[in-house]
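The values are calculated or read from the model by the stated rules, or taken from the named source; none is laboratory data. In this text, all values refer to a predicted model and were calculated from it rather than measured experimentally. Virtual Cβ from ideal backbone geometry, glycine too; neighbours counted across all protein chains shown. The area values use the complete protein model at the heavy-atom level, side chains included, leaving out ligands, DNA and RNA. Shrake-Rupley method; radii C 1.70, N 1.55, O 1.52, S 1.80 Å.
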Amino acid sequence: MTLLVGAPVLLPALAGCLYAVLGWRPATAWLGAVAAAGSLAAAIALAAVTADGPRQALGGLLRADSLSAFMLIVIGAVALLAMLASPAYLAAESAAGHGGPRAARRYGMFTQGFVAAMALAVLAASLGVLWVAVEATTILTAFLVGHRRTREATEAAWKYVVICSVGIALALLGVVLLHYAGQHAGVDAGAGLDWAVLAGHAAALDPGVTRMAVALLVLGFGAKAGLAPMNAWLPDAHSQAPAPVSALMSGVLLSVAFYAILRVKVISDAALGAGFTRTLLLAAALGSLAVAAALLIAQRDYKRMLAYSSIEHMGLLALGAAIGGRLALMAVLLHILGHGLAKSVLFLSAGHINLAAGSSRITAIRGLARRAPLLAGAFGLGLAAVLGLPPFSLFASEIGIVRAGFRSGAWAGWATGAALVLLLVVFAAVARHAGRMLLGPPQFSDAAGPDDPAGAVRLLPRTAALPLVAGLAAAAVLGVWTGPLRPLLETAATIAGVTP
Amino acid sequence: MNDSMYAQWLALACGAFLLAGVLVLWRRDLAAIVRLFALQGVALGAMVVVLGLRQGSVHLVAVAVGVGALRAGLLPYLMRRALDTPPPGNGTAGEEARETRPLVNVATSLLAAAVLALVAYAVSQPIVRLSPGPATQAVPVALTVLLVGFFVLVTRRRALSQVVGFLLIDNAITATAFLTTSGVPLVVELGVSLDVLLAVLVLQVLTTRMRAAFGGTDLGELRELHD
Amino acid sequence: MSGDLMSGLIATVLQVVLVIAGAPLLVGLMRQVRARMEGRAGAGVPQPWRDLRKLLRKEPTEPRDTGWPFRLAPLVLAGTALVVAAVVPLVSTASPLDSAADLFAVTALLALGSVALALGGLDTGTAFGGMGASREVTVLALVEPTILVSVFALSVRAGSTNLGAIVNVTEADPMRVLSPASLLAAVALAVVTIAETGRIPVDNPSTHLELTMIHEAMVLEYSGPDLALIEWASAARLTVLLGLLGSLFLPWGVATAGTGALAVLIGVAAFAVKTAALGVLLAVGEVFMAKLRLFRIPELLAGSFLLALLAVAASFFLAGGA
């Protein structure tokens, strides 16, 4: 059992060590994908095992329940997509003159360590270890963000590390204060940060200190999840990182930080009533949606456009969590998975577009549909998915959140109404940008000649097309048929705190 | 250790901790700022030693030695190394080693710190009320240093100053942990220390890259990315 | 009771006489120390007295178009210095004027003297006078609150703003001097003492460089007995402030109520020794320090104000703080 619980952490960590020793070469290029597939398999097995209750490992340091298992599935799935796309991406990067074998070795080490840290975060039984793992993701991804070593990349990496570390430091203060409140509520000192134990003693927690702690935790992990007000780092980092890393960061890292908020919410709701986190999350949700809508309208860079779209989706998740209830929480979890898949496809295809066009400006791309139909199709369908169009699963989950919102009383109705208006703005803005990029006569700002017959092939090698198609297909299938995921979603939503 | 001795030594350590944090706002010389940070690390270690002696806990005293070694020894050493790296090309050494143009001038910063101290006191009332005692009553001191750290982070323009601001925040959180509950579980404490150490290493490498890319460590130059 | 009153009275009279006679000597001592450390022979400790005697013999002169503020300023300055010298607990805390030795009263008296001198400087209508006055008031605006706040921090543990009561409490429990509140207040008070008395690094009493001078710029137009009065008053203020610093933070030897004549004598000796020692320390410090540029002075003073405020915070918030 310990091995099964530890596998999602151990496999990527092992792969990272192998990269450190062997370097990135044709033989090891697919190692990351193998490790990701292994973690995904372990996650699915864990989901089956934990259906009837949580499992512990390493003397109570790790604990897997349905919510953790679900998050592990998300991590595994997105990591698999990103790792499948990595060899082609790195090959194209070195062909374009960025980075050599050393950079590739570092890339292998850090991406695997990053995946392992995220898996550790969702498996940790203690809020403290969860914090350590989330902060570790910041440190491990810092060099990945600064991978290209240009002025922009260095600036993005600096801002990313400073803002995220400081934001997450607030969460550490929250952890410390919750520990303090727990000690005075009779929690055993050794297990003082175990979230299950804290939730069990929630009624005895001092409300004043707990309120401060929860506010700091939501703010701190919210910074890492890209929620307003501390979201300034997100567009910079996501637009500068290599495409597969952007996919991982946008697709799962944000959700892992959001998972931490869900765990805190369970404790807070039991100690302070649901109203407190609801207010915090509603403010964060509407703030994030407003920021995303405002900055998407006049966006000039398509990678930043995707980053702001992530902020918008994090806002939606926060809205769903604030609404609470079985329907909303199930929708939130499904949304995490759907967004992870669709957004990774988008970042991966944006990476290919960027490599081909040499620019990430929206105006530099015209008529992509005629020039590279497959790539344009993946990018367009990905955008359709994140905009919440059927048949993709994001349509189902957004409908779920909105329906739950209108059913949960006046405040939720108003908030959902406001969110819908903002979503409409986002939709119009993104659709306009997408239209400019995909349709019209083909034109790249300064790429090869206009009617280069080899262009379409060069833009998207076959191996690179596989993860894009697979991701979109999975998102579409989930939209119409959740199948075996449904019971998992139900138990996970129950753990995330279904308030009757 | 009797009651009044304990209270007095603890207060002395907290006073030194606070003073070192506040004086960071006053000094412009980055080397002096790093020295002040090291001094604060010593005060933090002393604070934990006092708590450990009070509780008769060898474990806590050992943790104190570790905390002191990291925050008064290793981290300042790393920062000094980042500072000593010679800037490339034309001699901007004088500019580089000083916080020449903070966004808020020094006199106003010091007065702002006074306001922050009052804010910290007001905010920490629920914490003190839960279990009044010499240690928890010193929590406002830690929170003041936290806010001062934020202030340094926002208003100072040298890369190294921002690192110091981040570390002040971290010192303050560690102090809060020890003052309220004599520290978080050891696994977490070790993880946090490792994270902080790695974060400083990462920032040090990024500072070197920033010098190479921008020709300096003035954060005002970071203007490439915007909407 | 009457014995107490007598010894208190004697102590007060001795204290005033000591300040009147000793203040110029203190200045002389400090100059001598500086001279020796800089490798000069020096003019000797009694030189300030000789200067005063010379000035007193001169005929009083007045610039044209000056009015009563100019004429009154030296008198007010010297008068306030004298009153402060009488009420502050330097030799004994059992002075019959003890009830007047209130923190606020003393600070207000010192400020009154400074303001009078600033007005006198303004009244001359010269560029230097106005410049000096403006600089002096800038410094004053930061110095006065700092004195108030830092002595207030010390008064928390005494529960009274009476300086005598504060000294008594400290003498009863000398370990209190090591508390954070006391240490912070000590540093803050030391800084403002230096500023208030116009010493390096805030002002340099021995130059007339227009870029930096504060005190000397205001008194440039005075001569003869008026100048003598101002020089003496400045020395007296330095003595009183150093003495107060000594009483607050090194309270050993200060006579308390109900002790006899011997205690008063010990108090006199202790006061003389402490003040001389602090003066020498200050003089030695001045040798090694450069004067701050004028625009950095507010930073220094804002810093000392912050320290004083933190001292108050520490004395209230920390259990062992006061």
Could you tell me the largest-minus-smallest coordinate of the C-alpha atoms of the range A:2-495 on each of the three principal axes, in descending order and whole angstroms?
73, 54, 43
Number of Lys-Lys pairs in the protein assembly as shown under 27 Å by Cα, sequence gap 8 or more or different chains?
9
Semi-axes of the range C:47-178 from the Cα gyration tensor (sqrt of 5 times each eigenvalue, largest first, whole Å) come to 35, 18, 12
Over all residues in C:290-299, what is the mean tally of Cβ atoms on other chains that come within 10 Å of each residue's Cβ?
2
Restricting to Cα pairs under 8 Å and 6 or more apart, the percent relative contact order of the range C:2-317 works out to 29 percent
Normalised per residue, the volume inside the convex hull of the alpha-carbon atoms of the protein assembly as shown in Å³ amounts to 201 Å³
For residue A:30, the accessible surface traced by a 1.4 Å probe with all protein chains present amounts, in square angstrom to the nearest 10, to 100 Å²
Eigenvalues of the alpha-carbon gyration tensor of chain C, times 5 and square-rooted, give semi-axes in Å, largest first, of 31, 23, 19
What's the longest bit of chain C with no exposed GluC sites (Glu not before Pro), using DSSP loop states and at most 15 other Cβ atoms within 10 Å as the test?
C:39-209
State, as an integer percentage, the relative contact order of the range A:2-495 based on alpha-carbon contacts under 8 Å between residues 6 or more apart.
16 percent
Chain B, convex hull of Cα, quarter of hull surface, nm² -> 13.3 nm²
The range B:1-154: relative contact order as a whole-number percent, Cα under 8 Å and 6+ apart
28 percent
What are the ³J(HN,Hα) values, in whole Hz, obtained from phi via the Karplus relation 6.51 cos²θ - 1.76 cosθ + 1.60 with θ = phi - 60°, for each residue of the range A:300-310 in sequence order, with x given for Gly and Pro?
10, 10, 6, 5, 5, 4, 5, 5, 5, 4, 5
The protein assembly as shown - mean residue ellipticity at 222 nm from DSSP helices (-39,500 (n - 2.57) per run, n ≥ 4, rounded to 500):
-25000 deg cm²/dmol
In the protein assembly as shown, what percentage of the DSSP-assigned beta bridges are antiparallel, given to the nearest 5?
90 percent
Each residue of the range C:16-22 in order: what ³J(HN,Hα) in whole Hz does its phi give by Karplus 6.51 cos²θ - 1.76 cosθ + 1.60, θ = phi - 60°, with x for Gly and Pro?
4, 4, 4, 5, 4, 7, x
How crowded by other chains is A:229-242, given as the mean number of beta carbons from other chains within 10 Å of each beta carbon?
1
What ranking of A:109, B:47 comes out by heavy-atom accessible area, probe 1.4 Å, highest first?
A:109, B:47
Report, by chain and number, residues whose modeled amide H sits under 5 Å from the one on residue A:62, excluding near sequence neighbours (fewer than 5 apart, same chain).
A:57, A:125
Would you check the accessible area of residue A:276, probe 1.4 Å, heavy atoms only, in square angstrom rounded to 10?
50 Å²
Counting partner chain Cβ atoms within 10 Å of every residue's Cβ in C:176-184, what's the average?
4
Could you pull the accessible area for residue A:265 with a 1.4 Å probe, rounded to 10 Å²?
10 Å²
For the full complex of protein chains and a 1.4 angstrom probe, list B:74, A:422, C:75, A:368 by accessible area with the highest value first.
C:75, B:74, A:422, A:368
HN-Hα J couplings of the range C:194-202 from phi, Karplus 6.51/-1.76/1.60, θ = phi - 60°, integer Hz, Gly and Pro as x?
4, 5, 5, 9, x, 9, 4, x, 7
Skipping prolines and chain starts, which residues have an amide H placed within reach, meaning under 5 Å, of the one on residue C:255, given they are 5 or more residues away or on another chain?
C:92, C:93, C:267
With Rh as the Kirkwood radius over Cα pairs, the range A:93-135 has Rg/Rh of 1.25
Sorted by accessible area (1.4 Å probe), largest first, how do A:360, A:250, C:206 line up?
C:206, A:360, A:250
5 Å is the cut-off here: which amide hydrogens, built 1.01 Å from N in the peptide plane, fall below it relative to residue C:204, excluding neighbours closer than 5 in sequence?
C:214
